[in-house]
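The values are calculated or read from the model by the stated rules, or taken from the named source; none is laboratory data. Because the structure is a prediction, the values reported are computed rather than measured. When we count neighbours, we look across all protein chains shown, and the Cβ atoms used for this are built from the backbone with ideal geometry, even at glycine. To get the accessible areas, we keep the full protein, side chains included, count just its heavy atoms, and leave off ligands, DNA and RNA. Shrake-Rupley method; radii C 1.70, N 1.55, O 1.52, S 1.80 Å.
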Amino acid sequence: MSIQTRPHRLSPVQIRGRKGGEKIVCLTAYTAPVARLLDEAVDLLLVGDSLAMTIYGFDSTLPVTLDMMVAHGAAVVRATQHATIVVDLPFGAYQASPEQAFRAAARVMAETGCGAVKLEGGEEMAETVAFLVKRGVPVMGHVGLTPQAVNQLGGYRSRGHGGEERRKILADGAAIAQAGAFSIVVEGVNETLGAELTAAIAVPTIGIGASPACDGQILVTDDLLGVFTEFRPKFVRQYRKLGDDIRAAAREYADDVRAGRFPAAEHTYPAPAKRAKASA
Ligand code: KIV
C-alpha cells in the first residue's frame, strides 16, 4: 500500500495552506491507469461517488457502497505519487451519527491509504466533521448542489438563486469550515454566491459550477475527456472527445478482424520450425 504520509505527496495540510494563493487543480479518478496519467498535472484527485454513473451505469450516486469506494480508492492510491487522494464517503455510510462516520472513514483510510475523505452536507454535518477531524481524519466538505440529496433537492438544478437558499448555503459552508474541514467543494451554485462564500471562509473552496473566484476547481474526468456523454452539465468544458476515438477504434478493429487483417504476422507466435528457419 502507498501511504499518503510520504514526503513527495501533497498533503491535505498543504492544500489547506493554498487558500487565496495558487489555484488548486482537482479532478476525479476511479481507476489505476487513469489516475497514473492524471497524477502529475493535478494537486488533488477525488475518488468520487460519481463513479456510480461514470463506471457502474447507475443514474444517481445513491447505490454506491463502502466496498466500492474502498476498492477504487486503493487502486488510485497505488497508482499515484504526487496528488492528495480524497475518497468520497458514500450515501448511508456516515449520515446516521458521528460514530458511524468515523467507522466508515477509518476503514476507508486504513484500507486505501488515502489522505482524506469527503462528505456532503452543511450545518447538519458540522458535528460529524468536527468529530472526524478531532480523531485524525482530514475531511473535505461538499455544499451547494449535493448529489446524494437529489431526492430531497428535487433534481440536479443549480442552487442559491433565492435569498433563503443563498443564506443557507453560506451558513453551510461557514459551519463546515468552522468544524475543521481542510477544503470545501462548492457545487452548482449562483456565481456570486460561490465568490461570496470563498471570501467568507478561511479554507479553500473548490468550485464545480460555482465561480472562477473559488480557490480551486474540480471536474469529473470523464466529462472533461468526453467519455461520459449521457448528459453534459453547463459547467463542463470538454477538452477532448475520447468517446468518439473509442467508438472509431472499436469499429476499425471489428473491420480488421472480419476482413482477416488482424492479427497480422507480427502479432502471432511463430511455430518452432519457422523460428529455427528464421534464425539460421
Ligand atoms: O463524486 C464526485 O465526483 C464529486 C465531484 C463532482 C465533486 O463529488
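For region 7-47, filtered to residues that are surrounded by fewer than 24 Cβ atoms within 10 Å (Cβ to Cβ) and among the hydroxyl-bearing types (Ser, Thr, Tyr), the residue that is farthest from Ala199 (Cα to Cα) is Thr31.
From the set of residues in region 140-150 that are in a helix (DSSP H, G or I) and either within 10 Å of the ligand (Cβ to nearest atom) or free of Cβ contacts under 8 Å to residues at least 60 places away in the same chain (or both), which is farthest from Asp59 (Cα to Cα)?
First pass over region 140-150, keeping only residues in a helix (DSSP H, G or I): 147-150.
When the remaining residues are screened for being either within 10 Å of the ligand (Cβ to nearest atom) or free of Cβ contacts under 8 Å to residues at least 60 places away in the same chain (or both), the result is 147-149.
On the way: Pro147: 11, Gln148: 12, Ala149: 13 Å.
Ranking the qualifying residues of region 140-150, first place goes to Ala149.
Here Ala181 clears all of (1) in a loop (DSSP other than H, G, I, E, B); (2) modelled with pLDDT of 95 or more; (3) over 20 Å from the mean Cα position of the chain (by Cα) except the condition numbered (3). With respect to (1) assigned to a helix (DSSP H, G or I); (2) within 29 Å of Val87 (Cβ to Cβ); (3) away from the ligand (no atom under 13 Å from the Cβ); (4) among the charged types (D, E, K, R), the lone exception for Asp255 is condition (2). Checking every residue in region 68-78 against the condition of being within 14 Å of the ligand (Cβ to nearest atom) and either at positive phi or outside any helix (DSSP H, G or I) (or both) gives zero matches. Looking across Leu224, Leu219, Leu197, one residue alone is more than 14 Å from the ligand (Cβ to nearest atom) and either more than 20 Å from Val137 (Cβ to Cβ) or open to solvent by less than 40 Å² (accessible area, probe 1.4 Å) (or both). It is Leu197. Taken across region 121-133, residues that are outside any helix (DSSP H, G or I) and modelled with pLDDT of 95 or more do occur, with at least one present.
One residue stands out among those in region 50-67 that are open to solvent by less than 10 Å² (accessible area, probe 1.4 Å) and assigned to a loop (DSSP other than H, G, I, E, B): the one that is farthest from Leu224 (Cα to Cα), which is Val64. For Glu230, the criteria (1) over 25 Å from Ala105 (Cα atoms); (2) exposed (fewer than 13 other Cβ atoms within 10 Å of the Cβ); (3) over 20 Å from the mean Cα position of the chain (by Cα) hold in every case but one, which is (3).
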